[in-house]
Structure formats: C-alpha cells, structure tokens
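Accompanying notes for the structure given below.
The values are calculated or read from the model by the stated rules, or taken from the named source; none is laboratory data. Bear in mind that the values here come from a model prediction, so they are computed numbers and not experimental data. FYI the Cβ positions are ideal-geometry reconstructions off the backbone, even for glycines, and counts take in every protein chain you see. Side chains are part of the model used for accessible areas, which takes the heavy atoms of the whole protein and leaves out ligands, DNA and RNA. Shrake-Rupley method; radii C 1.70, N 1.55, O 1.52, S 1.80 Å.
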Amino acid sequence: MEAVFGLLLMLLRVSHGVETSCDGRQDGAQCYGALGGTVVLQLMDSASEIFRYEWSKNNKTAILQGGKNKKLINQIEKRSSFSDGTFRINSLSRTDSGEYTLQTYDSSGQRSEQRTLQLFIQGVEAYCDGRQDGAQCYGALGGTVVLQLMDSTSEIFRYEWKKNKIITILRGKKNNIVFNVIDDRSFFTPSDGTFRINNLSRTDSGEYTLQTYDSSGQRSEQRTLQLFIQAPVSSVLLVSECLSQGWTRVSCSSEGGDSPQYSWTLDGHTLTDAELLSGNHETNNIILKQDVSGRLVCSVRNHISSVSREENISTCKGVETSCDGRQDGAQCYGALGGTVVLQLMDSTSEIFRYEWSKNNKTAILQGGKNKKLINQIENRSSFSDGTFRINNLSRNDSGEYTLQTYDSSGQRSEQRTLQLFIQGVEAYCDGRQDGAQCYGALGGTVVLQLMDSASEIFKYEWKKNKTTTIFWGKKTIVTNNIANRSLFTPSDGTFRINNLSRTDSGEYTLQTYDSSGQRSEQRTLQLFIQGVETYCDGRQDGAQCYGALGGTVVLQLMDSASEIFRYEWKKNNKTAILQGGKNKKLINQIENRSSFSDGTFRINNLSRNNSGEYTLQTYDSNGKKSEPQTLQLFIQAPVSSVLLVSECLSQGWTRVSCSSEGGDSPQYSWTLDGHTLTDAELLSGNHETNNIILKQDVSGRLVCSVRNHVSSVSREENISTCKVFINCNLSNGTHISQWVSAATNTLCIEPTAAPTTETSTVGKNNVVAIAGVLLALVILVLVGVAVICSQKKQKNDKPKEETDEQELTYADVRFMQRQGQQVQKRAEVEVEYGQVKFPQRPRQSVERAGDDCLYAQVHKDR
C-alpha cells in the first residue's frame, strides 16, 4: 500500500517555483533563474520585424529559430513559450545554465546583429543540525537541504518524523526504512541519521517532530525543528544619485530573495558613521557624505544565499548654478546647500581696485591690480579672474550684492548690483481633488496642479480664504496678483509659487464658470507652509534634538536662567554661543536669527552648520562648575514631494515604488483604503519600506507616507489589478491570446459541468484524462486493500502462531479538485493524508465473528 500512496503523491504533486525576469537586449546581459522556477527573457523588441533569427546555447544547440513569415521552431516548447520577442522558460534545471547567443539576419542573408547573455540557474544546498530541540533550519526554494536528525538509527528501535504533528514523512526501525512519503525527491541515510530533501518548495516549510520509541513501545524522545524555505537572492542593482548638498544617495535592491539583509563596505572596510550622513551599513539605502569616494560594495544575503554588487563612487557636487552678474540688476539663483558660480567681471587684471559688498555693508571681496585678495568667506568659496564660486549656500547668502571698481586716481569707475536668491525645496501637489492638502517648505517652491488645462475653461478664479483673488483668467488670458514670485501655466494647469512664506498658508478655492456665467465647478485645497518648527527638551544630558533645514528649533535648556549665577552654552566645546547669568548681560553670538528667554533658546533659519554637540556649563557664586549637560542637534532637510511609481509584473503582481524629494533619513509607511497593508496583501516588502509588491487581487486607494524627524508628507494613487498574458486553446477549438486581468481571468477557464452534456471547468479532454487517472488510482487502492484483506483472512484461518507484530498504516486520501486559475493548468489535486493503525494483536487464539479488515477511506471532494 505504501507503494500505492507513493504513486499517488508522485502523480498528483504540484510544484510552484520562483519567476524571475531579465532584459536580454543588451549584449553580455547576466540573467538568473531559480532551480525549478521560471525565467522570462526579453530577447528582442519585436520578432515580427526581423527577417530571420536564431537563438542558440553555447554556440551549438539552436533553441529558437524563426522570422518574418517563417514557422517558429522551439526545441523546448513543452516547457516554454515565445511571444513577439519574449521567451518564457519553465521548470528550470541546472542544465539550462549557459551562454546563449542571438543572431539576426536581413533578407539578403547577411547577419545584422549578434548578442549574448549568460543564464545562471541557482539551487542552493543547505545543511542544518536538527539534533537540538527547537532547531531552526533553512532551505532554498528549488534547492536541497540536508537535515541531521540523529547520530544514527542503529540503536533506535523505532522512529517517526512528522510534519505539523499530523503528516508522517518518515518511519523506520533501526537500520530499516519502513516508509518515506517523499522518497521520489529525498533520501534518508540510517547510518548517519541525515535526511536529504531535493527540489524544495514553499509547502515544505513547517514544524517537524521526531519521535523515537524503545522496544516496549514507550516514547523515549521527542524533538522539533522549524524548516523555512526561502527564495535565494539573485542579481543586485546599485543606483546612486547626487543630492543638492553634494552628498551621494545609494540604493541597493535584489531580485527575488526572501528576507534580504544588507551590508556595505567601502574600499574593503565596513562603512563608518564618519562616512555616512544617514542610514547604516545594514540598510538598503544610504547617504554618503560629501568627501566620500571609492569602491562601494553592497552585499545582500539571507539564510541560504548571498550575492553582491560593486560600483566606483566618486564625490558629488552639490546642485551647481551659474549666473552672469556683469549686467547691472542681474537676478541670480542658488540651491540651498549647493553652489553658485557668479561671473562678476571679464577680468580683474586690468582693474586697479574693486570691492564686492553685500547689502551695502559687508565687503565680501576686495582686491585689484598688484593688490592682495581679501575674501571674507574663503573657507567655502574661491575667486579666479572675475568668477566667484560660493559653496554650501545658506539662506543668509540671499541679498543684494554691489560691485564697485576704482581707477588709479581713486575715482569710482563703475557700480553694478545683482540680487542673489537662495531657494529651498520644491514640492509638488495634485490639487485637482476637492479638499486636497498640500505642503510647501518655508522659502521654497510649491507646484500646484489645479486643472488638467485651462484652454477649455471659459473663466476661472483662484482665491485665498474666499476673499483675496490670487489669479483669474479666460482660457489662456491670466491676471496674476503675485506674478513677481509665481507663474500660472494655462496649458497644463499648474501654478508655481516661489519664495514661500508662512502667510502663503491658507485655504484656496478654485471656481470655474461656463460661457453663460454659471459656476460649473468649485474645489478647495489647504496649503501648509512648513519652515518646520520643532521643539526639544534639552534638560536631560545626552538629549537628541532635531531641526529642519531653513526652519526653527526651540530648545529648552534650563528650567529658569534667572536663578543661575552664571552659565555658558558652547558648540563642540569651542564656540560660546550663549553667555549670561543672574544680573549679567546676555551675550548671544547669533542674535540676528535667535532669541533666548528664561531658559528657552529659539534658533531660526537653521543651516547644516548648526548640527553638532552643544554643552551647557553652569557655575555657582563661588565659581564652582556643575556637571556639564550636553545635547546633540541634528539638522535635517524636510521631506517634500512624494513620487509613486507602479508597474505590472508578469505574474499579475504590482510593484510600487515610493520616493521623496529632499528629506534626510526618510521613513516609509503604506495604507490601502485607510488600513495598514497586511501580509495577506503583500507578496514582498512590508509596510515600512519604500518598495513593495502587491498580490494579484489587491486594488484600492494606496497611500505612501514619508516622514523624518522634522516633517511628513504623503502621496496616494488608485491601484487597479494588473493584467497577464494568456495563451490557450479551449475544447471547442477557440484560441485565446491576449492580456487579461490576473485577478478576474476566466477566459481560459471553461464553465463547470451542468446537468446537460456541457464540458467541465478544464474541458472535455482534460476531464476524461483526469477521470481516467482517478479511476485507475481508485482501482489500485481497492486492489491493494483486497490483497491485504485476503492475506489477512488466510492468516486468520491458521493456528494462532503469529510470529511477529503487525502494524499496518493506511492513508486517509482526499481528492479535492480546485477551480483552475490560469491557462493550460490541469485541475490541481491536493492530497490530505492521515493514518489508521491496527492495534497489536494478542498471541492467544480469539474467535472472530467475521473479517476485521479496515479499509482506507477515500473521499472525492469537489
């Protein structure tokens, strides 16, 4: 009977492997597939326009041959499909690894192109010592795991290994294996107690229990182990980008792979805090400081695999702008934290003396022919023959600058001014939905999407707080009351507001009218200007405080300054920022942008330079110092506009990426229709990462929220289910080949059998085949049972001289046919099996009233 059940399992087992995709249109592409899984290779843009093509392996075997008006020849068509440039290979094996070459030919027979790709099939072998109770073991999807269950079975009278306390996987006595339910893909070695399982699938995950028994039938030991099956990580992608301040953001992501863990090295050593602005060496997104460069390696691993990718990183320049300031009244712009290059003169070699000052007060530059150059900000700027380069721009650099030149007699020969504007973060907001909430950064820019286009709107008006008209127009004619710092573009319906201030906050209303003067629509949006103000209690030693770049931080330094005889607040144990005390004059080194009131210090217009460690030292009237009190102040750029990008994957899943402009150390969270995303909705990722994959049937209002210590912003998108490509033949001869919704696809699933002569869900041919298989299996079961019962009856007629104990085990087999979900899938059959035991019979004679043959219960559930 065990052979019968082995046959049942072998015939009815269904495997599901990992599907990976790869763009093979680039010569030398490296593609990865999981053992037992599927790989989707994009070989060409379109095969219909290629006169003739041939795709071969290792320059020998032609796998694919075809072309315009030519019959397609596919040597592995039983497990693959080719559709207009995309080749899908299923049931991958190690022999599929190799170098593949695509050659295309024109109508004259000349070879027009040749490209190669490397295909790697991975199926990792893992080992785990399961001799300790509670062991946690890991295996690779499609791979092999070797489990050390015991030292040896030679001294164990009887043993049994079960899954989830129900399913018996392995049973034996001493060195004899009585039963192995998965013997077609596993092997148990009694001499060393190891169990080797191949072709692992997700269903192999679970809790396994080993029970051993002595010769009297008493259980001598019980141990459990947890087996986790993970998809191995494969190819790694590194993406780097320069940020406005000259930092480098680097993102690391891997194809496939469950529970990936990340680590980073630079020139062979683990990244340090001195090199990292945010993130750490165990996250997939990092920001490197300005001066960091070298060979950067991201390694991705999980319990059963590891892969890495490297890139040579060079230092970034902050956002650099240039401006010709040789015209009087020029207007120049720089990015907060970036660089501006100002052309002030043609050449300084012919100018006897010059002076460049800010706001007609501070002389920034002084020099001339044969004169020493004086540069008041030389620590972050350089001047070369008329061109002035200023780095690490802050809002304080904004202002009016005046250049004055003098001749040898001391007469002023020329005077020119320029305006320099330092701009903060630019944010975007879709205000086409009534009640939209939009955010802008103090001093920055916001772009508001108010309509699709104004060209079709007869008349429109945009008001603030229902009273003040900001702009109005008829189709393309616009009157803008804040035109000096804003721009409305009728063609795309966007309104751009620069140099935002807190007074820009408020409720705005858009009213549109038709040609008869009737109001056709009214929508409102709330605009919040954050220059963000944060509060921190710095009275605890070691406090960590955060302020927003360009914003305000309020620090509670003491309960009351009026009772302290003398105090001093320093930055980095060097610069005294505050000094004061009872009956003492307050000295504030940054009073132009801060205020101190009885223990609370308010700092405005924060810049990166304000980051650091601050120490408060107090003294009594005898000059005795108290314990110093420190706080760390971190200045972060606030997160602003959020971008959501979604794409459909080949299986009908939806990958969604969330990214934000600006913003240091962003943290992410996701909701769907108002609730936090759950594991039942996510294929990979979690609700606190910036990249997720949604399962096939997931749709609704998806919101990604991005936050850091000083700001928060979100973006939403209505997600609908993705489509998949189907290609099938129905029993009536109809061929279907098109894109359909993955969640609701029924085109290739025929109706369930009715009381008439119609076909069942998988078509007449498939039903006949399945019915034949099931009938044959039932006959095998019944024959086996009959044989056993016959043998038992013969034994019952003999004298009571049974020489050995009998222990017969039968499976409770249930056939459960499921509705098919995709093309050309046979009805899946699950096997649910338990066990029925004949108790050990007494050796004395017992009269029987009849046969006591117990049959296996066979259930067929639809």
Net charge of neighbours whose Cβ lies under 12 Å from the Cβ of residue 590, counting Lys and Arg as +1 and Asp and Glu as -1:
+2
In this structure, among 372/570; 585/625; 358/463; 289/574, pairs with alpha-carbon gaps over 27 Å are 372/570; 358/463
Apply 1/(1 + (r/R0)^6) to the Cβ-Cβ distance of residue 630 and residue 46, taking R0 = 56 Å, and write down the FRET efficiency to the nearest 0.05.
0.30
Net charge, residue 53 excluded, C-beta distance under 10 Å - Lys, Arg +1, Asp, Glu -1
+1
Could you tell me which GluC sites (Glu not before Pro) in region 266-374 are loop residues by DSSP with no more than 14 other beta carbons within 10 angstrom of their beta carbon?
282, 350
Sort 402-411, 147-156, 370-379 by the packing proxy (mean of other Cβ within 10 Å over each peptide's residues), most packed first.
147-156, 402-411, 370-379
Can you give the accessible area per residue of region 271-423, in Å², using a 1.4 Å probe?
52 Å²
Mind checking region 496-600 for trypsin sites (Lys or Arg not before Pro) that DSSP puts in a loop (not H, G, I, E or B) and that have at most 11 other Cβ atoms within 10 Å?
574
Excluding residue 405 itself, calculate the net charge of residues whose Cβ lies under 13 Å from the Cβ of residue 405, where each Lys or Arg counts +1 and each Asp or Glu counts -1.
0
Between the DSSP loop rule and a limit of at most 16 other Cβ atoms within 10 Å, which trypsin sites (Lys or Arg not before Pro) in region 444-477 are left?
466, 475
Starting from the residue with the highest accessible area, list 421, 471 in decreasing order, probe 1.4 Å.
421, 471
Over region 524-674, with neighbouring protein chains present, the accessible area per residue in Å² at probe 1.4 Å is 47 Å²
Mean-position separation - Cα centroids, region 566-636 and region 114-147, in angstrom
58 Å
Once fully extended, how much extra length lies between residue 528 and residue 359, figured as 0.36 nm per residue of separation less the alpha-carbon to alpha-carbon distance?
57.7 nm
Taking 159-165, 625-631 and ranking on average Cβ neighbours within 10 Å, highest first, one gets 159-165, 625-631
Pair residue 327, residue 389: separation of 7 Å Cα→Cβ label points (nm)
2.5 nm
Centroid-to-centroid separation of region 152-213 and region 429-507 [C-alpha atoms, Å]:
71 Å
